[in-house]
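One structure below.
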Amino acid sequence: MRFPALAMAALLAAPGASAEPAKIVQGETAQKIDAALAAAVPSGFGGAVLVEKGGRIVLEAGYGFADRERKVPFTTDTIAQIGSITKSMTAIAVLQLAEDGKLDLKAQVRTYLPGAAEPAASATLHQLLTHHAGLADSCGDDFDPVSKEDLLRRCMALALAFPAGEDHYSNMGYSILAAIVEQVSGERWQDYLSRNVWTKLGMSRTGFDVFHGTAPRDFARGYLDGKRQDVISDSIAKLHGSDWNLKGNGGVQASTLDMERFWRGLTHQIPGISSFVTQNMMTPKEHMDGEAWEGYGLFVRLDAAGKPYRIGFSGSDGTFFSYFGMLPQQDVFFYIVGNNGEANVKPLVAATLKALLPPKP
């Protein structure tokens, strides 16, 4: 196990930085990524990264603080926001129900949510999954109180923001999918995921509004422009169920190690997610622009030969930024999360990608 001198020096010298060293740093690429992340700690970066190549973890590390005020280090066990990566989990729920014959992806929303408002009720599940329904992005801010009834009657009645069939990202579309999951399964969206995804994959530090066996120090705080933010599950709890601006599209928190287990489930290294589900998620469904395509709950980028070279999803609330990435041609998986603002973390994700991907010819 090696710890680059630059990485260790940055951790020890940074004002208020955690002195916790990287757990695994193996190989030149891992050292390069580790050094870049460690160098960001003095500017306030707190986060974690895990890189696995060829079935072997080559980088597993935490940086800075999950909670600056209490001097709690950020580790790969720290529970932190995954943002819109939540949509990948909602897609799994929808596809599992489709595989069981309970949903038809070509059917319209009104088939499963009778009485839901138009025009959104005419969208197909396929259109919602691929952001091609023409819906507005949202029905207000994340923490505006929106009940399920509000979603079905008021939000779904909003005029289409774009022509149906065009690619336009919609958080609301995935909230509608979560409502369909609840209607068809007979249980809360988050309970369905807990029973059918998180528990099956051993993701014990993942959840939406309920986390068992945890303490406040287990959760990362966000810091935007130096201002401390509440843990999102605490903010969700204050909505008392009127959380439908987030449900289905965001709000899930997970540890970095749990996100590795999520990847192992998607790649069938551990049981829990079927081939029907994963093939639908990772197969290009609708063109976005350039080399980018929509899968179901994942984005797929194709090389010049039309083969996927990057599959993944990012998540952000403006403060936390996370990226879940698979590089099939390099046999690489990586996950990275940071808590000090998207504008500060996004360049670190770009640097990680640059280090992992071969240079373009």
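The values are calculated or read from the model by the stated rules, or taken from the named source; none is laboratory data. None of these values were measured; they are calculated from a predicted model. Every residue, glycine as well, gets a Cβ built from its backbone with ideal geometry; the counts of neighbours run over all protein chains shown. Accessible surface is based on the protein model in full, side chains and every heavy atom, while ligands, DNA and RNA are left aside. Shrake-Rupley method; radii C 1.70, N 1.55, O 1.52, S 1.80 Å.
Note on K238 and R56: their simple-model spin labels are 4.8 nm apart, each label 7 Å out from Cα toward Cβ. Think of a 1.4 Å ball rolled over the protein heavy atoms: the chain then has 40 Å² of accessible area per residue. Overall, the ratio between the Cα radius of gyration of the stretch 19-128 and 2.2 N^0.38 Å, rounded to two decimals, is 1.63. Using a probe radius of 1.4 angstrom, the carbon and sulfur fraction of the accessible surface of the stretch 71-120 is 49%. Averaging the sequence gap over all C-alpha pairs within less than 8 Å and six or more residues apart, then dividing by the number of residues, gives the chain a relative contact order of 21 percent.
Legend: calculated FRET efficiency, H287 to K71, from the Cβ-Cβ distance at R0 = 35 Å, rounded to 0.05, equals 0.15.
What base-10 log of the normalised intensity I(q)/I(0) is obtained for the stretch 99-168 from the Debye formula, alpha carbons as equal point scatterers, at q = 0.18 Å⁻¹? Cα-only, vacuum Debye calculation for the stretch 99-168: -0.70. Residues within the reach of a label modelled at Y169 (point 7 angstrom out along Cα to beta-carbon, backbone nitrogen below 20 Å), restricted to the stretch 285-310, are 285-302, 309-310. Here the peptides 303-310, 346-353, 219-226 are ranked by packing, the mean other Cβ count within 10 Å, and the order with the highest first is 219-226, 346-353, 303-310. Rg ratio for the stretch 229-361: its Cα radius of gyration over 2.2 N^0.38 Å, N being its residue count, equals 1.14. Our estimate of slack between D144 and A304, defined as 0.36 nm per intervening residue step minus the Cα-Cα distance, is 53.3 nm. Given a cut-off of under 8 Å on Cα pairs at least six residues apart, what relative contact order in percent is computed for the stretch 200-310? Once normalised by length, the contact order is 20 percent. Length available on full extension from T111 to Q269: 0.36 nm per residue minus the Cα-Cα distance, which gives 53.3 nm. Translational diffusion of the stretch 163-243, estimated by Stokes-Einstein from the Kirkwood radius over alpha carbon pairs at 25 °C in a medium of 0.890 mPa s, is 161 µm² per second. Kirkwood-type hydrodynamic radius, the stretch 227-272: 12.8 Å, calculated from all non-identical alpha-carbon pairs. In the assembled protein chains, W293 presents an accessible area of approximately 80 Å² (probe radius 1.4 Å).
In this simple spin-label model, placing a label point 7 Å from the Cα along the Cα-to-Cβ direction at both L158 and K200 gives a separation of 3.2 nm.
Normalising the average separation of contacting C-alpha pairs (under 8 angstrom, six or more residues apart) by the number of residues puts the relative contact order of the stretch 290-361 at 19 percent.
Over what distance in Å are the Cα centres of the stretch 258-308 and the stretch 137-161 separated? What the calculation gives is 29 Å, centre to centre.
When the alpha-carbon atoms of the chain are used, the pair Rg, Dmax equals 20.0, 63 angstrom. Remark: the E99-S43 segment gains 15.4 nm on full extension, using 0.36 nm per residue and subtracting the alpha carbon distance. For the set L201, L239, solvent exposure ranked by accessible area (probe 1.4 Å, protein chains only) runs largest to smallest as L239, L201.
What trypsin sites (Lys or Arg not before Pro) does the stretch 91-159 have in DSSP loop regions with at most 16 other beta carbons within 10 Å?
Here the trypsin sites (Lys or Arg not before Pro) that fit, given the DSSP loop and packing criteria, are K102, K106.
Per DSSP H run of n ≥ 4, the term is -39500 (n - 2.57); total these for the chain, divide by its residue number, and report the mean residue ellipticity at 222 nm rounded to 500 deg cm²/dmol.
Calculated at 222 nm, the ellipticity per residue is -8000 deg cm²/dmol.
For the stretch 30-113, GluC sites (Glu not before Pro) are listed when DSSP marks them as loop and at most 11 other Cβ atoms sit within 10 Å of their Cβ; the list is E69.
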